[in-house]
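Visitor: I have a structure I would like to understand better, so I am pasting it below and will then ask my questions one at a time.
The values are calculated or read from the model by the stated rules, or taken from the named source; none is laboratory data. Here the structure is a predicted model, which means the values were calculated and not measured. Ideal geometry is used to build each Cβ from the backbone, glycine not excepted, and the neighbour counts take in all protein chains shown.
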Number of protein chains: 4
Amino acid sequence: MNQAEEANETARLETFSDGVIAIAITLLVLEIHVPDSAEVAEHGGLAQALVDLYPSYLAYVTSFVTILIMWINHHTIFRAIARNDHYLFVFNGLLLLGITFVPFPTTVLAANLEGADSDVASAFYAGTFAVTAVFYNLLWRYAATGNKLLRRDINPAFVSTINRRYLVGVPVYSLAAVVAFVNPDVSFGICAALAVLYLLPTKVEPVTRA
Amino acid sequence: MNQAEEANETARLETFSDGVIAIAITLLVLEIHVPDSAEVAEHGGLAQALVDLYPSYLAYVTSFVTILIMWINHHTIFRAIARNDHYLFVFNGLLLLGITFVPFPTTVLAANLEGADSDVASAFYAGTFAVTAVFYNLLWRYAATGNKLLRRDINPAFVSTINRRYLVGVPVYSLAAVVAFVNPDVSFGICAALAVLYLLPTKVEPVTRA
Amino acid sequence: MNQAEEANETARLETFSDGVIAIAITLLVLEIHVPDSAEVAEHGGLAQALVDLYPSYLAYVTSFVTILIMWINHHTIFRAIARNDHYLFVFNGLLLLGITFVPFPTTVLAANLEGADSDVASAFYAGTFAVTAVFYNLLWRYAATGNKLLRRDINPAFVSTINRRYLVGVPVYSLAAVVAFVNPDVSFGICAALAVLYLLPTKVEPVTRA
Amino acid sequence: MNQAEEANETARLETFSDGVIAIAITLLVLEIHVPDSAEVAEHGGLAQALVDLYPSYLAYVTSFVTILIMWINHHTIFRAIARNDHYLFVFNGLLLLGITFVPFPTTVLAANLEGADSDVASAFYAGTFAVTAVFYNLLWRYAATGNKLLRRDINPAFVSTINRRYLVGVPVYSLAAVVAFVNPDVSFGICAALAVLYLLPTKVEPVTRA
């Protein structure tokens, strides 16, 4: 296989992943339950019914931003990954499995953020992100260890920055999952804070500029 | 990063956005509620039941055309945007957050266009477009201020045309949201009229022809 | 705009359309209602309940094949269309509006193929395809009249073949919609037959081979 | 049509297929039913309600991995297929019909894995994969017989490896469908085992390296 074909291979992996992530992020809106007329009456009008959906909006925005960051990260590491092999497809598939699952814990959280089971719902939500972060690390480390699948002109500072950043996700989301049983709001707050934090840019480029 | 890589970067941002917008526009059809046999009987036959769904069709077509125009606009401004950076991803993400949310107010509007809460539903609908228009302006102005991310051969008349056109959306949709509390039909009419209006083409090209 | 940019413009239109059509075709499966335990009991077991869903399978396959053909046609005519302008986006958008609507009449048909309202359901189903065929003709004739947006080396035999093929859809689907009120099964049979018929290939290439 | 145009043709077929498969794989999550408050109470709390959804998780993961493998296979055979014709579109469409149907038997299986109808549900699930495997063979053999649509420099060992691998799917999934009536768990176990088995890589490249 020549270089052009290699580039094309990675391209189709990225396109497919983009498609899956784009769908997962858009399906999130389906979790926001449209109140029927009985529910509107119960809330004393549509305005109040829409306001009382705020747990759904919070969960929606947090999951949206988190998946968006996962996509930006995917985009970033595939600027560094130049080759692919069968197991890259498998690890990438595991990551997509994690990402497509997100709408489910999001809906569970939105339905329970206010109730007696908010601890379990928050732990389930944070736990899903912890597992997805594990899958991210598997994908990246498989590709990056010994520069196995990275471009030959890769900037080592880029690799070590990504390595460092990716160390944060697993323990912090795991911590959030445990904290949920003490204080569910703090648990959810950690997930939301991580989403904001990850919006900050990486300073290092995959290739040093001439 | 060289020019070819830059082009590729913007390409993936556009492809992902295209995917998200394509899904949001297609999910709209799920808001049209298929009448079950009890509802058909209540309306005195399927024909009448389908006719009585007209608020759903109106909301469907208006939201479809509005999202379509958002896509055409996205396409237009990315003919002018040649470079990207981290914050372009963030502002683009905000815009996508607004667009993917549209199916929700659309369903709320369709369910309430005829009822006592049509004012709130219309205001919520127009308000969503007002917020999305704000996100559009953030994206465009971030890219265009000082030609920060625009192509070097950009036609200044194109930039000022887009600047002018984008000024309209926020105040008019905001006005429609306020008007909803006076007359919900006029509010929805403004949204529908804007959709038709925006179907008119921009006359100015991003690059002047030789 | 140079040739390369023009190609890129059409490319993004095609990619977006592909995305929308891909989603519409995949959403069809959501119309097949999974029987719950009460329904299973009513049908005397899951096997019978699944068999009794045959109207859903028929509607699913017919709509799937029809949308697939619409995609193949879209693909075919865009091998001939080399340039684009604002109204091409608008007409293409109208066509997409028709295609994304298909899951709704499909579900209505599946729910009513067996009941007293099968005439209305079949007419609604065939009528949707008639309207979509009108949109297809608008798109094609806008692009093809005077070779306005076609490639310069276009094979005139290709244009006239497409012109002839596209004349069939509107009257036949309209006929099927009318026939529904006489015999709904014949109406649905016409739609299914057209799907099979259109699977036959066009013999003429857009460009004559050297 | 020259070589570049041919490549472009296959590209759009692949992109559309990628889109459809990406959506089918992502829709799977919608089959996981979010327990409402009555169901949570019935299960004695949210934690138990989430644990009791394990048939949904099993069906979700198995279908996800199976569709992922279908995509990887699609990707693999289209590295060998260089040309396309109308019937390749038709056979590819049949395959997509099979793949987009998967969410339905997945939901049926998840709802019945534990009940009296688990035999029918498992047979339906395995049977769907058997039919999809038939469609895969039709697509591949249409393209590969006499190297009809394969690249000219194709490695014959690649063709015979794919031929051999694809022989396995149809009989094994058919066997699993029959076994379901003896032991539903074994039937589902065969489907899950095949998913894992197919994750092992093909050793042979479509083109021999120089």
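Visitor: From (1) under 30 Å from C:Ala123 (Cβ atoms); (2) surrounded by fewer than 24 Cβ atoms within 10 Å (Cβ to Cβ); (3) polar (S, T, N, Q), pick out the condition that doesn't hold for B:Asn84.
Guide: (1)
Visitor: Give segment C:37-56 a look and list any residue that's outside any helix (DSSP H, G or I) and within 23 Å of C:Tyr125 (Cβ to Cβ), or say none.
Guide: Of all residues in segment C:37-56, those outside any helix (DSSP H, G or I) come to C:43-45, C:52-53.
Matches in segment C:37-56: C:Asp52, C:Leu53.
Visitor: Just wondering, is there one or more residues in segment D:42-53 that are out of contact with any Pro (no Cβ under 6 Å at 6 or more places or on another chain), within 27 Å of C:Leu53 (Cβ to Cβ), of a type outside the set (Ser, Thr, Tyr) and away from chain C (no Cβ under 14 Å)?
Guide: Applying the first criterion (out of contact with any Pro (no Cβ under 6 Å at 6 or more places or on another chain)) to segment D:42-53 yields D:42-48, D:50-53.
Subsequent filtering for residues that are within 27 Å of C:Leu53 (Cβ to Cβ) retains D:52-53.
From the residues that got through so far, the ones that are of a type outside the set (Ser, Thr, Tyr) too are D:52-53.
Going one step further and asking which of them are away from chain C (no Cβ under 14 Å), we end up with D:52-53.
For segment D:42-53, residues out of contact with any Pro (no Cβ under 6 Å at 6 or more places or on another chain), within 27 Å of C:Leu53 (Cβ to Cβ), of a type outside the set (Ser, Thr, Tyr) and away from chain C (no Cβ under 14 Å): present.
Visitor: Residue under question is B:Pro35, and the condition is that it be touching a residue at least 12 places away in the same chain (Cβ under 8 Å) and closer than 30 Å to C:Glu114 by Cβ; does it hold? Walk me through how you get there before you give the answer.
Guide: Details: touching a residue at least 12 places away in the same chain (Cβ under 8 Å): yes; closer than 30 Å to C:Glu114 by Cβ: yes.
The answer is yes for B:Pro35.
Yes/no matrix, rows are residues, columns are (1) out of contact with any Asp or Glu (no Cβ under 8 Å at 6 or more places or on another chain); (2) surrounded by fewer than 21 Cβ atoms within 10 Å (Cβ to Cβ):
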residue: B:Ser37; (1), (2): yes, yes
residue: B:Pro55; (1), (2): no, yes
residue: B:Ala59; (1), (2): no, no
residue: B:Asn92; (1), (2): yes, no
residue: B:Asp117; (1), (2): yes, no
residue: B:Tyr136; (1), (2): yes, no
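Visitor: Are there any pairs, at least 6 apart or on different chains, whose C-beta atoms fall under 8 Å, with the first in segment A:170-184 and more than 13 Å from A:Asn137 (Cβ to Cβ) and the second of a type in the set (D, E, K, R), and if so, which?
Guide: Cβ pairs passing all conditions: A:Ala180/A:Asp119; A:Phe181/A:Asp119; A:Pro184/A:Asp119.
Visitor: Taking the stated definitions as given, is D:Ala59 within 15 Å of the chain's Cα centre (by Cα) and more than 10 Å from every other protein chain (Cβ to nearest Cβ)?
Guide: Details: within 15 Å of the chain's Cα centre (by Cα): yes; more than 10 Å from every other protein chain (Cβ to nearest Cβ): yes.
For D:Ala59, the condition - within 15 Å of the chain's Cα centre (by Cα) and more than 10 Å from every other protein chain (Cβ to nearest Cβ) - is met.
Visitor: Now for a different question. Please go through segment B:39-53 and pick out each residue that is buried (at least 18 other Cβ atoms within 10 Å of the Cβ) and touching a helix residue (DSSP H, G or I) at 6+ places or on another chain (Cβ under 6 Å).
Guide: Matches in segment B:39-53: B:Val40, B:Leu46, B:Ala49.
Rundown of residues vs (1) surrounded by fewer than 15 Cβ atoms within 10 Å (Cβ to Cβ); (2) out of contact with any Leu (no Cβ under 6 Å at 6 or more places or on another chain); (3) away from chain D (no Cβ under 14 Å), yes/no style:
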| residue | (1), (2), (3) |
| --- | --- |
| C:Phe129 | no, yes, yes |
| C:Thr132 | no, yes, yes |
| C:Arg151 | yes, yes, no |
| C:Val168 | yes, yes, yes |
| C:Tyr173 | no, yes, yes |
| C:Val179 | no, yes, yes |
| C:Asp185 | yes, yes, yes |
| C:Phe188 | no, yes, yes |
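Visitor: Taking D:Val34, is it in a loop (DSSP other than H, G, I, E, B) and either modelled with pLDDT of 90 or more or in contact with a helix residue (DSSP H, G or I) (Cβ under 7 Å, 6 or more places away or on another chain) (or both)? Don't jump to the end; show me each part of the working.
Guide: Working: in a loop (DSSP other than H, G, I, E, B): yes; either modelled with pLDDT of 90 or more or in contact with a helix residue (DSSP H, G or I) (Cβ under 7 Å, 6 or more places away or on another chain) (or both): yes.
Yes; evaluated as a whole, the condition is true for this residue.
Visitor: Among the residues that make up segment B:113-121, is at least one of them over 30 Å from C:Asp85 (Cα atoms) and of a type in the set (S, T, N, Q)? Lay out the reasoning, then the answer.
Guide: First pass over segment B:113-121, keeping only residues over 30 Å from C:Asp85 (Cα atoms): B:113-121.
The next check asks that each one be of a type in the set (S, T, N, Q); those that pass are B:118.
Yes, because at least one residue in segment B:113-121 is over 30 Å from C:Asp85 (Cα atoms) and of a type in the set (S, T, N, Q).
Visitor: Right, here's the next one. Please go through segment C:153-166 and pick out each residue that is surrounded by 14 or more Cβ atoms within 10 Å (Cβ to Cβ) and either in contact (Cβ under 8 Å) with a residue 60 or more places away in the chain or farther than 30 Å from C:Tyr125 by Cβ (or both).
Guide: Across segment C:153-166, the qualifying residues are C:Ile154, C:Asn155, C:Phe158, C:Val159, C:Ile162.
Visitor: Can you tell me which residue among C:Thr132, C:Thr128, C:Thr106, C:Thr100 is among the β-branched types (Val, Ile, Thr), within 19 Å of C:Ala24 (Cβ to Cβ), in contact with an Asp or Glu (Cβ under 9 Å, 6 or more places away or on another chain) and touching a residue at least 12 places away in the same chain (Cβ under 8 Å)? Break it down stepwise before answering.
Guide: On the way: C:Thr132 fails: in contact with an Asp or Glu (Cβ under 9 Å, 6 or more places away or on another chain); C:Thr128 fails: in contact with an Asp or Glu (Cβ under 9 Å, 6 or more places away or on another chain); C:Thr100 fails: in contact with an Asp or Glu (Cβ under 9 Å, 6 or more places away or on another chain).
Just a single option satisfies the conditions, and that option is C:Thr106.
Visitor: Give all pairs with beta carbons closer than 9 Å in which a residue from segment D:136-148 that is in contact (Cβ under 8 Å) with a residue 12 or more places away in the chain and farther than 12 Å from D:His74 by Cβ meets a residue that is among the small types (Gly, Ala, Ser) and in a helix (DSSP H, G or I); count only pairs at least 6 apart in sequence or on separate chains.
Guide: D:Asn137/D:Gly169; D:Ala144/D:Ala80
Visitor: Hey, another quick one. Does A:Asn73 satisfy being farther than 30 Å from B:Leu113 by Cβ, under 22 Å from the mean Cα position of the chain (by Cα) and surrounded by fewer than 21 Cβ atoms within 10 Å (Cβ to Cβ)? Break it down stepwise before answering.
Guide: On the way: farther than 30 Å from B:Leu113 by Cβ: yes; under 22 Å from the mean Cα position of the chain (by Cα): yes; surrounded by fewer than 21 Cβ atoms within 10 Å (Cβ to Cβ): yes.
Against the criterion (farther than 30 Å from B:Leu113 by Cβ, under 22 Å from the mean Cα position of the chain (by Cα) and surrounded by fewer than 21 Cβ atoms within 10 Å (Cβ to Cβ)), A:Asn73 qualifies.
Visitor: Then there's this: Given C:Thr100, C:Thr15, C:Thr10, C:Thr26, which one is of a type in the set (Ser, Thr, Tyr), within 11 Å of chain B (Cβ to nearest Cβ), surrounded by fewer than 22 Cβ atoms within 10 Å (Cβ to Cβ) and closer than 27 Å to C:Tyr198 by Cα?
Guide: Working: C:Thr100 fails: surrounded by fewer than 22 Cβ atoms within 10 Å (Cβ to Cβ); C:Thr10 fails: within 11 Å of chain B (Cβ to nearest Cβ); C:Thr26 fails: surrounded by fewer than 22 Cβ atoms within 10 Å (Cβ to Cβ).
Unique residue meeting the criteria: C:Thr15.
Visitor: Given (1) free of Cβ contacts under 8 Å to residues at least 60 places away in the same chain; (2) polar (S, T, N, Q); (3) closer than 22 Å to C:Leu199 by Cα, identify the lone condition not met by C:Asn112.
Guide: (3)
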